[in-house]
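Throughout, read-outs are computed from the coordinates displayed, never taken from laboratory work. No experiment lies behind these values; they were computed from the predicted model shown. When we count neighbours, we look across all protein chains shown, and the Cβ atoms used for this are built from the backbone with ideal geometry, even at glycine.
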Amino acid sequence: MKYIISITLALWSALWPAMLQGAPQSQRPEQADAPVKLRADMVSLDAEVLLKKTGHAAQGLTKEDFVVYEDNVPQYVTDFSQDKLPLSVVLALDVSSSIAPLFADLRAAAAHALQQLKPVDEVALMAFGGTTRVVAGLTTDKQLIADELETTDGTGLERGTNINEAIYQAAGYLQKYSPPLNRRVILAITDDISTQTTLSPSESGVLARLHESGSVVCGLLFFNSLRNTRFAMVSGSVRGYANETGGALINADKKRLEADLGELVQRLRTRYSLGYFSTNEKRDGKFHKVRVELSPQAQTRGLKVEIITRKGYKAASATPRK
């Protein structure tokens, strides 16, 4: 399978500069032509590695420090890096009444935090309530996203809050518009309370879309007193989806939004990327469990870490959908 890696990387190296030049730097609207789709048979994992003693990111690890298992079968890691692959981020903003008063502060926080991303990293802004609306498409202009935050509201959205709809649409957007080898992240700013008691899509439908798109869910979560009521029993939450995809969560403090949002961005920057070609060559369209552990070599050095990554992925089908 080595030729697949060579072809994929060669195509990516040749097309990536052209894709950046061909798309406006301020915004890539949804009406634009569909992006070039490269063959991406590689299973890519975005892993956060935290030292158990301090909770800080573990730096300087190598490919040999990790072992990846798929359905309990060891896999050979072919690609490895830390903060080298570009990011495609959907900033999903809850526009409910509990978050709206903070928009001005969130703009200032975002203006600072998003500038910590690399010039090649791209961000989109999505507002959500009962439905969703893309306010600004994927762009490398982080200041544009920060400016849009200040004036974003619930115009054109159904009332209420539907977390499932927001995550489902954000994952679908990334799958359709972000370059296939980018690290895909949904960063939700919300109190994580769905006020619609019957949610569509279902939690299983959202998870399927997340696994299919390879998106990681992260959250800046605000406290809401409704958390202890019947609304907390609704299936589907940013917290749950982050756990399934290996994302980071921060409980927001209204007095330190800039620091909180900045910490989330920095945690994205310190994650490791691991890629492998599955030894299971069946294109069965099924979900395959994945886990990442420290190698015996790393353990002999006394490293004690927590590795946070997605629980698995959905394999491609032998008969692709039209």
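Using the average count of surrounding beta-carbon atoms within 10 Å as a protection proxy, the listed peptides 167-173, 104-110, 135-141 rank, highest first, as 167-173, 135-141, 104-110. The amide H of residue 196, built 1.01 Å from its N in the peptide plane, has 161 as neighbours under 5 Å, considering only residues 5 or more places off or on other chains. With 0.36 nm allotted per residue and the present C-alpha distance subtracted, the residue 239-residue 295 stretch has 17.3 nm of extension available. Here residue 52 is the anchor, and the lysines within straight C-alpha reach of less than 17 Å, apart from those fewer than 8 places off in the same chain, are 304.
Around the Cα centre of region 87-269, unit charges on the Cβ atoms of Lys, Arg, Asp and Glu (plus for the first two, minus for the last two) sum to a dipole of about 300 debye. Of the chymotrypsin sites (Phe, Trp or Tyr not before Pro) found in region 75-105, the ones in coil according to DSSP and having at most 12 other Cβ atoms within 10 Å of their Cβ are 76. What the phi angles of region 204-214 give under the Karplus curve with 6.51, -1.76 and 1.60, with θ = phi - 60°, is a coupling list of 5, x, 5, 4, 4, 5, 5, 5, 5, 8, x Hz, glycine and proline written as x.
Relative contact order, whole percent, for region 87-269 stands at 25, derived from Cα pairs under 8 Å and 6 or more residues apart.
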